[in-house]
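K.L.:
Have a look at the structure that comes next, please.
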Amino acid sequence: MDASVELDRVVMRFGDFTAIEETSLAIASGEFFSFLGPSGCGKTTLLNIVSGFLTPSAGEVRIGGEAMAGVSVNRRPTAMIFQNLALFPLMTVFENIEFGLEVRGIDRKTRRATSERLLALVALEGSGPKKVTELSGGQKQRVAIARALAVEPRVLLLDEPLSALDLKLRQHMRVELKAIQRKTGITFIYITHDQGEALNMSDRVAVMSAGHLQQVADPMTLYRSPQTGFVAAFVGENNRLEAKVIDQDGERVRLDGGALGELSGRGTAPTPLANGAAAALYVRPEHLRPVAPGQGLEATIEALHFEGAWLMLETRLAASGEKLRVQLGHELSRQHLEALQPGRRAHFGFDPEDAVVLADAGGPALDEATGEVVEGAHV
Ligand SMILES: Nc1ncnc2c1ncn2[C@@H]1O[C@H](COP(=O)(O)OP(=O)(O)OP(=O)(O)O)[C@@H](O)[C@H]1O
């Protein structure tokens with residue numbers, strides 16, 4: 001079964017507005033692939049193009065190598081799970097799961113056998129006769145998955161299906177979704193603005209902003225080696241320090257950090273940085289650690305936030321006045337707690353291997369609180 005999905009120079013315009021810039025992408029058969037990006041970046045639009053709800057303004061979608069132009073929604077080998085699940089509330093679980101099969105004229109006995117098998121797959125054996133209204137949020141979620149799988153799609157499209165669940169259940173359902181995907185071998189295309197979800201479940205993630213794919217990579221690569229400022233800021237948390245390139249030798253970039261002195265990190269973009277170019281160094285809060293005075297970056301501690309498993313320090317660099325967030329694990333925070341109080345000065349260092357250097361034209365800025373793109377602002 002070839003369940004690959006290809007987007008070949010796909011463009012989507014709504015009047016004068018280009019919601020999806022020209023995009024080409026190949027999703028492998030059986031891959032768990034996510035589109036991750038802030039609200040309004042075009043995730044749902046792309047999903048609707050794959051499902052057939054929208055016809056692209058240009059370009060082509062192929063599923064299993066077959067062009068989908070002119071193939072209607074219900075003739076495509078896809079099924080969709082919506083954010084609100086769209087279950088029929090007055091029907092039983094059996095009736096919900098079997099609905100699509102009944103429409104296709106499948107006989108009652110086969111329908112029931114299929115729904116029993118799928119209920120076992122989503123760990124809801126015995127719940128078939130229940131009304132949907134009698135189920136918990138997580139159980140409804142599983143019925144929606146079973147219903148989508150009943151029509152034997154080659155590709156399952158999931159539009160933020162966990163967003164209505166509380167945190168614990170969401171984390172649990174991530175594991176279940178991943179397990180179901182492995183068991184069925186179906187291609188999953190998942191859209192979310194929740195990076196934890198995307199990193200946790202996906203084989204690969206496409207990070208999108210404003211109708212444009214910023215980077216497509218496996219979760220570890222996205223986290224370790226973002227190739228644009230947008231990805232560095234959107235995936236995980238990052239401190240950003242402005243600097244000028246002194247030189248680049250292989251991946252290692254030496255920077256003139258102005259008042260901060262010389263800094264160094266890894267250049268992760270495909271093209272090396274020019275000497276003298278404006279650059280930004282990204283270092284994650286969890287990659288900073290206290291070092292002896294005279295080393296690293298000197299900062300004043302402004303606030304401490306105890307988060308249980310770690311301690312988050314909000315600091316301000318003495319030399320430049322820039323903010324620096326530092327996350328210390330349990331051991332380090334216990335060792336240094338006395339020295340790390342608001343108002344005190346401390347020094348923080350990092351391994352250059354853990355810092356990423358990118359050209360200073362990283363894309364739109366993100367609102368710290370909401371993670372949403374700030375219109376017109378650039379980092
Ligand atoms: N039918 C339409 N007509 C005009 N503009 C549209 C239409 N559908 C989407 N858009 C615009 O295209 C852009 C992308 O929308 P889309 O719904 O794909 O974003 P999204 O990333 O899924 O956002 P969210 O996470 O908020 O659902 C938005 O600016 C939206 O306003």
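K.L.:
Which one is least open to solvent (accessible area, probe 1.4 Å), of the residues in the range 78-96 that are part of a loop (DSSP other than H, G, I, E, B) and farther than 14 Å from L158 by Cα?
P.N.:
Selected residue: L87.
K.L.:
Mind telling me which of the residues E60, E102 ends up being in a strand (DSSP E or B), open to solvent by 40 Å² or more (accessible area, probe 1.4 Å) and farther than 27 Å from D166 by Cα?
P.N.:
Being in a strand (DSSP E or B), open to solvent by 40 Å² or more (accessible area, probe 1.4 Å) and farther than 27 Å from D166 by Cα holds for just one of E60, E102, which is E60.
Yes/no matrix, rows are residues, columns are (1) closer than 24 Å to R62 by Cα; (2) open to solvent by less than 60 Å² (accessible area, probe 1.4 Å):
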{"site": "K109", "(1), (2)": "no, no"}
{"site": "L121", "(1), (2)": "no, yes"}
{"site": "G128", "(1), (2)": "no, yes"}
{"site": "V143", "(1), (2)": "no, yes"}
{"site": "D166", "(1), (2)": "no, no"}
{"site": "Q171", "(1), (2)": "no, no"}
{"site": "A179", "(1), (2)": "no, yes"}
{"site": "R182", "(1), (2)": "yes, no"}
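K.L.:
Check K178 against each of (1) among the basic types (K, R); (2) in contact with a helix residue (DSSP H, G or I) (Cβ under 6 Å, 6 or more places away or on another chain); (3) farther than 23 Å from L47 by Cα and name the one condition it does not meet.
P.N.:
The one condition K178 does not meet is (3).
K.L.:
Which one of these does S320 not meet: (1) in contact (Cβ under 8 Å) with a residue 60 or more places away in the chain; (2) part of a strand (DSSP E or B); (3) among the hydroxyl-bearing types (S, T, Y)?
P.N.:
Looking at each condition in turn, S320 falls short on (2).
K.L.:
Yes or no: V151 in the same structural domain as S163 (by TED's automatic domain parsing), under 20 Å from F188 (Cβ atoms), open to solvent by 20 Å² or more (accessible area, probe 1.4 Å) and not hydroxyl-bearing (S, T, Y)?
P.N.:
yes
K.L.:
Hey, can you tell me all the residues within the range 318-351 that are of a type in the set (G, A, S) and in contact with a Pro (Cβ under 9 Å, 6 or more places away or on another chain)?
P.N.:
A339, A346, G349
K.L.:
Here is a follow-up. For residues that are over 15 Å from R154 (Cα atoms), open to solvent by 20 Å² or more (accessible area, probe 1.4 Å) and more than 8 Å from the ligand (Cβ to nearest atom), tally how many sit in the range 27-53.
P.N.:
The number of residues fulfilling the criteria is 1.
K.L.:
Mind checking which residues of the range 1-25 are more than 16 Å from the ligand (Cβ to nearest atom) and either in contact with a helix residue (DSSP H, G or I) (Cβ under 8 Å, 6 or more places away or on another chain) or touching a residue at least 60 places away in the same chain (Cβ under 8 Å) (or both)?
P.N.:
Within the range 1-25, M1, D2, A3, S4, V5 qualify.
K.L.:
Being in contact with a Lys or Arg (Cβ under 8 Å, 6 or more places away or on another chain) and open to solvent by 50 Å² or more (accessible area, probe 1.4 Å) is true for just one of E298, E286. Which residue is that?
P.N.:
E298
K.L.:
For the range 338-379, which fully contained strands (runs of 3 or more DSSP E) count at least 1 residues that are in contact with a Gly (Cβ under 9 Å, 6 or more places away or on another chain), modelled with pLDDT under 50 and surrounded by 12 or more Cβ atoms within 10 Å (Cβ to Cβ)?
P.N.:
Strands (runs of 3 or more DSSP E) meeting the threshold: 364-366, 373-378.
K.L.:
Which residue out of A19, A58, A86, A67 is of a type outside the set (K, R), closer than 20 Å to F188 by Cβ and in the same structural domain as L156 (by TED's automatic domain parsing)?
P.N.:
A86
K.L.:
Is the range 283-295 home to any residue that is part of a loop (DSSP other than H, G, I, E, B) and at pLDDT 95 or above?
P.N.:
yes
K.L.:
Okay, next question. Of the residues V231, V216, V205, which is crowded, with 21+ Cβ neighbours inside 10 Å and part of a strand (DSSP E or B)?
P.N.:
Only one candidate passes the filter, namely V205.
K.L.:
Can I ask one more? In the range 3-26, which residues are acidic (D, E) and open to solvent by 70 Å² or more (accessible area, probe 1.4 Å)?
P.N.:
Result: D16, E21, E22.
K.L.:
Would a scan of the range 69-90 turn up a residue that is within 23 Å of V205 (Cα to Cα), modelled with pLDDT of 95 or more and within 16 Å of the ligand (Cβ to nearest atom)?
P.N.:
No; the residues of the range 69-90 include none that is within 23 Å of V205 (Cα to Cα), modelled with pLDDT of 95 or more and within 16 Å of the ligand (Cβ to nearest atom).
K.L.:
Restricted to the range 154-171, and to residues that are outside any loop (DSSP other than H, G, I, E, B) and in contact (Cβ under 8 Å) with a residue 24 or more places away in the chain, which residue is farthest from the ligand (Cβ to nearest atom)?
P.N.:
Here the answer is L169.
K.L.:
Need the failing condition index for V71 against (1) surrounded by fewer than 18 Cβ atoms within 10 Å (Cβ to Cβ); (2) touching a helix residue (DSSP H, G or I) at 6+ places or on another chain (Cβ under 9 Å); (3) not in a helix (DSSP H, G or I), just the number.
P.N.:
So V71 meets the others, but not (2).
The values are calculated or read from the model by the stated rules, or taken from the named source; none is laboratory data. Just so you know, these numbers come straight off a predicted model, no measurement behind them. Neighbour counts run over all protein chains shown; Cβ positions are idealised from the backbone, glycine included. Remember, those area values only see protein heavy atoms, side chains included, never the ligands or the DNA or RNA. Shrake-Rupley method; radii C 1.70, N 1.55, O 1.52, S 1.80 Å.
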